[in-house]
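The values are calculated or read from the model by the stated rules, or taken from the named source; none is laboratory data. As the structure is a prediction and not an experimental result, all values here were calculated from the model. Cβ sites come from the backbone with ideal geometry, for glycine too, and all protein chains shown count toward neighbours. We work out accessible area using only protein heavy atoms, side chains counted, and drop any ligands, DNA or RNA first. Shrake-Rupley method; radii C 1.70, N 1.55, O 1.52, S 1.80 Å.
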Amino acid sequence: MSVRCRFAPAPSGSIHVGNVRTGLFSWAFARHHGGAFVLRVEDTDASRVTEEAYHGVMESLRWLGIDWDEGPDLGGPHGPYRQSQRMDIYRETVERLRAQGDAYPCYCTEEELEQRRAAAMARGEPPGYDGRCRMLSDQERAAFESEGRPAAIRFAMPETEHVVRDLVKGEVRWGPGQLRDFVLVRSDGTPVFLLAVAVDDLLMGITHVIRGDDLLASAPRNAAVISALGGAPPAYAHVPQVNGSDGKPLSKRHGSTSVEAFREHGILPEALMNYLALLGWSKDAETTFLSREELVAAFDLERVSSNPAQFDAQKLEWMNNHYIQGCDDDDLAARCLHFLSIAGLTPDLELLRRAMPLVKERMKTLAESVELLRFLFTDDVEPNEKAAELLAKAPEGYLASATATLEPVEPWTGESIAAALDEAASGAGLNRTKGWQPIRAAATGSNVSPPLPESLELLGRERTLARLRAAV
C-alpha cells in the first residue's frame, strides 16, 4: 500500500509553528516512505478564513521547504483541495448517510440542548447529546418540518466500544455509549469538521493521519463515518502539543510564534525545519543537526514522543547561528541584503560579502546584521546612548592623537590598523579595551561592532578618519 499523508491547515491567519511542526511530521513520514503528501485547505468557515491567509500559509510552507504532490495550486486526481469548493460532495455524502439510516435530522434548539445538558449533569450523568431526535417517529418529524423548525444533521454513532490503535498514543478505547451522536451539518447547511475531514480522508485515499493530540477524540468519530461509507479508516498518529516555557500550549501569549514572524526575525528556513523536527522526535540520542534530506531519511513515527514538547526560542536562535556560520559568504550576504534593504540601506554588494566573515559568528538572526553593519552603508552615523557615553569619557585629546596615529597607516589592513590602535592606546596609558572603545564608538556609532581593526579596514581610511575628526 502506497503511503498517502495530508496536512490540512485552516487559513485564518499566519500559520503557527505548532501546526507546522505537525505538518512537517506528516510530510517527512510521506517522503520517508516514498509516498504522496497532500495539501488540503479547511476553509469552510468563511467568517474566519481570508485569501491573504490562504496564500500566506502556502508561502510559509514553501519557504520552510515543505512541498506537496497534490493541492489547491497543483491540482490532482482527488480535487478540489479547498473544502469550500467541495460542498456538493458533502451534501451528497450526507444524503447517502441519511438514506442508509446512519444520519438523521435533529430539531433541538441550542436552548433545549443546554437545558438537557444541565439536567443530565444535575443527575450526575455525563453531558452529551441524549439522542432524542434519533428516536422521533415520522409523525413527530413531520410536525417539526411543518412548523419550519431548522434542523441540523447528526451522525448515528454505533453504541459499541470504539478502539483507535494510535501509532503514537497506543491503543485508546471508548466504552459503549460513551461517544454520543454528533452533528455533521449545522442547521444553516454548513458541514462541520467531523464530516468534511472524514469524507476528504476517504475520497483522497489518505492512509496515515498525523495531527495534534487535541484531535484524538475526533478519531473514532472520523473512523465511524468512514466505516459507514464503506471505507477503511486511515492509521492515526496523534502527536503531542508544543508548549511554551510556562508548560501551557504555545499561543499568542508566548509572543509571535508564526512561521512568518520567525522568517521576518531572520531565522533561516533550514534552522527552523531542523528545530521543529526535534520538537517531540529524535533521530537518536546524539544527533542535533539534520539537513532536510537527512530528516527524510531518518524520520519514522517510532521515535515520536508521547509527551508534550517545549518550545525554546533561545535554542532556536543558537541553532540558527550554527546554520548562519555554515553559509558561504556570498549566500549569507544575499540573505542579509533583504534585511539591510528593509532598514533603508543600499549596501555595496562586494563590501557586504567581505563583511560576512566578521559577523557570521556573532549573529543569532539575520535581522541582527542591520545594527552590526549599518555603519558601513551610511555616513549618517549617530552614536547610540552607550557610544555617546564612551566618547564623553574618553581622555581629553585622545581621539585627536589616535586620529593622527591612524592617518599614516600603510597598508590599510586589519593587522596594521590593530598595531596603530594599540600604539595610540598605550601612548595614552590605556589598555586595549579602554583605548579601542572610543574609536569604535566614533567610527561605528555603537559600543558593539564586528572586530574593530577589520571593521575600519572595510570602512576605509578616508571614512574612518572623517568620523574620528567629526567626533573630535
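Things worth noting here:
Here's the yes/no breakdown for (1) aromatic (Phe, Trp, Tyr); (2) modelled with pLDDT under 95; (3) open to solvent by 50 Å² or more (accessible area, probe 1.4 Å); (4) on the phi > 0 side of the Ramachandran plot:
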position: 54; (1), (2), (3), (4): yes, yes, no, no
position: 58; (1), (2), (3), (4): no, no, no, no
position: 61; (1), (2), (3), (4): no, no, no, no
position: 64; (1), (2), (3), (4): no, no, no, no
position: 74; (1), (2), (3), (4): no, no, yes, no
position: 92; (1), (2), (3), (4): no, no, yes, no
position: 97; (1), (2), (3), (4): no, no, no, no
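- Selected residue [at pLDDT below 95 and among the acidic types (Asp, Glu)] from 396, 423: 396
- Counting only residues that are closer than 19 Å to residue 451 by Cα, free of Cβ contacts under 8 Å to residues at least 40 places away in the same chain and surrounded by 14 or more Cβ atoms within 10 Å (Cβ to Cβ), the range 317-346 holds 4 of them.
- Hey, residue 351 aliphatic (A, V, I, L, M) and touching a Pro at 6+ places or on another chain (Cβ under 8 Å) or not: no
- Residue count for the range 286-302 under the criterion of being under 25 Å from residue 364 (Cα atoms) and not in a helix (DSSP H, G or I): the result is 6.
- Within the range 295-324, the set of residues being aromatic (Phe, Trp, Tyr) and either in contact with a Lys or Arg (Cβ under 7 Å, 6 or more places away or on another chain) or over 26 Å from residue 31 (Cα atoms) (or both) comprises 318 only.
- Only one of the numbered conditions (1) open to solvent by 60 Å² or more (accessible area, probe 1.4 Å); (2) assigned to a helix (DSSP H, G or I); (3) of a type in the set (A, V, I, L, M) is not met by residue 271, and that is (1).
- Reported count of residues in the range 16-42, each being open to solvent by 10 Å² or more (accessible area, probe 1.4 Å) and either out of contact with any Cys (no Cβ under 7 Å at 6 or more places or on another chain) or β-branched (Val, Ile, Thr) (or both), is 10.
- The range 237-246, subset of a type outside the set (S, T, N, Q) and touching a Leu at 6+ places or on another chain (Cβ under 7 Å), residue surrounded by the fewest Cβ atoms within 10 Å (Cβ to Cβ): 244
- Conditions (1) open to solvent by 90 Å² or more (accessible area, probe 1.4 Å); (2) more than 37 Å from the chain's Cα centre (by Cα): number failed by residue 105: (1)
- Within the option set 472, 448, being closer than 20 Å to residue 388 by Cβ, surrounded by fewer than 22 Cβ atoms within 10 Å (Cβ to Cβ) and in contact with a helix residue (DSSP H, G or I) (Cβ under 7 Å, 6 or more places away or on another chain) holds for one residue only, 472.
- Among the residues of the range 350-365, those that are open to solvent by 10 Å² or more (accessible area, probe 1.4 Å) and in contact (Cβ under 8 Å) with a residue 12 or more places away in the chain comprise 351, 353, 354, 357, 358, 360, 361, 362, 364.
- Considering residues of the range 119-135 that are part of a loop (DSSP other than H, G, I, E, B) and among the small types (Gly, Ala, Ser) only, the residue farthest from residue 181 (Cα to Cα): 124
- Flag for residue 335 being part of a helix (DSSP H, G or I), touching a helix residue (DSSP H, G or I) at 6+ places or on another chain (Cβ under 9 Å) and either farther than 30 Å from residue 427 by Cα or small (Gly, Ala, Ser) (or both): yes
- When each of 297, 394, 387 is tested for being surrounded by fewer than 19 Cβ atoms within 10 Å (Cβ to Cβ), touching a residue at least 24 places away in the same chain (Cβ under 8 Å) and not β-branched (Val, Ile, Thr), the lone residue that passes is 297.
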